[in-house]
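In what follows, a structure is listed as structure tokens, so that the remarks can point back to it.
The values are calculated or read from the model by the stated rules, or taken from the named source; none is laboratory data. Please read these numbers as outputs of a predicted model, since none were measured by experiment. Positions of Cβ are generated from backbone atoms using ideal geometry, with glycine treated the same way; all protein chains shown enter the neighbour counts.
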Amino acid sequence: MAQALQTGNCLEPRQLVRVARQICAALHYAHQFERQGDGLSVKGVIHRDIKPSNIFVLEDQVLGATHPFVKVLDFGIARVASEIAVAMGKTALEFLGTPQYASPEQLMGESLDSRSDIYSLGVVMYQMLSGQLPLQPLSNDFWPWAEAHAYQAPLTLQELCPTIPLALADIVMQCLAKDPRDRPASMAQLCDRLTICLA
């Protein structure tokens, strides 16, 4: 996905929905994952680094390019949801992730749940539709990105690309809400909304 975005290619809305729904399904599985045994209890895995280079899009061998097969890669910094509040660092030196795509709460070292990954997916969807990131800080350093995610309002997708269907643009912008309570509640809910937005 990163290679396609670097060449300035944007996805048309129906293609974006096909890709995004598969990302939602993969992340919903991770968020709902449970395992117990050998003195270990795992409940809910938050990816924490959703970005284009961690999304691999393959052409379906049977259906072709119009039906992509999507893989979410690199769960290397993923954490069990219950551990994140303890493990998150609050400085640029301790931060794990990619500031351009991280949620405000992740950048500030706060407790995370699935809505943090929803925010990051919102950044990716915005970029896939418009060809640019939703925020433009003054520099590419950690703190300008942290401040931008916390306080800067992105241009609406309708301002950048008036041809994007309003229902889809609204979903993406809701994913980018600063307050997690204003985002879709889960990847399953986001997937359902994406499914019907272009019907």
**OP:** For region 24-54, enumerate the residues that are polar (S, T, N, Q) and closer than 30 Å to Gly131 by Cα.
**Re:** Ser53, Asn54
Subject >> Where Pro134 falls short, out of the listed (1) touching a Leu at 6+ places or on another chain (Cβ under 7 Å); (2) in a helix (DSSP H, G or I); (3) at pLDDT 95 or above >> reply: (2)
**OP:** Tell me which residues, restricted to region 140-154, are outside any helix (DSSP H, G or I) and under 14 Å from Lys178 (Cα atoms).
**Re:** Gln152, Ala153, Pro154
Original post:
Is region 189-198 home to any residue that is surrounded by fewer than 20 Cβ atoms within 10 Å (Cβ to Cβ) and within 20 Å of Lys51 (Cα to Cα)?
Top reply: yes
Original post:
So is Ile84 surrounded by 19 or more Cβ atoms within 10 Å (Cβ to Cβ), more than 13 Å from the chain's Cα centre (by Cα) and at pLDDT below 65 or not?
Top reply: yes
**OP:** Pull up region 158-173, narrow it to residues that are at pLDDT 95 or above and part of a helix (DSSP H, G or I), then point me to the one that is surrounded by the fewest Cβ atoms within 10 Å (Cβ to Cβ).
**Re:** Leu166
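Within region 22-37, take every residue that is among the small types (Gly, Ala, Ser) and modelled with pLDDT of 90 or more and give me the one that is surrounded by the fewest Cβ atoms within 10 Å (Cβ to Cβ).
Here the residue is Ala25.
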**OP:** Please work out which one of (1) surrounded by 14 or more Cβ atoms within 10 Å (Cβ to Cβ); (2) in contact (Cβ under 8 Å) with a residue 12 or more places away in the chain is the condition Gln136 fails and give its number.
**Re:** (1)
Subject >> The lone exception for Pro144 - which of (1) surrounded by 15 or more Cβ atoms within 10 Å (Cβ to Cβ); (2) within 15 Å of Cys10 (Cβ to Cβ) it fails >> reply: (2)
**OP:** Scan region 174-186 residue by residue and report those that are farther than 19 Å from Ile23 by Cβ and assigned to a helix (DSSP H, G or I).
**Re:** Arg181, Asp182
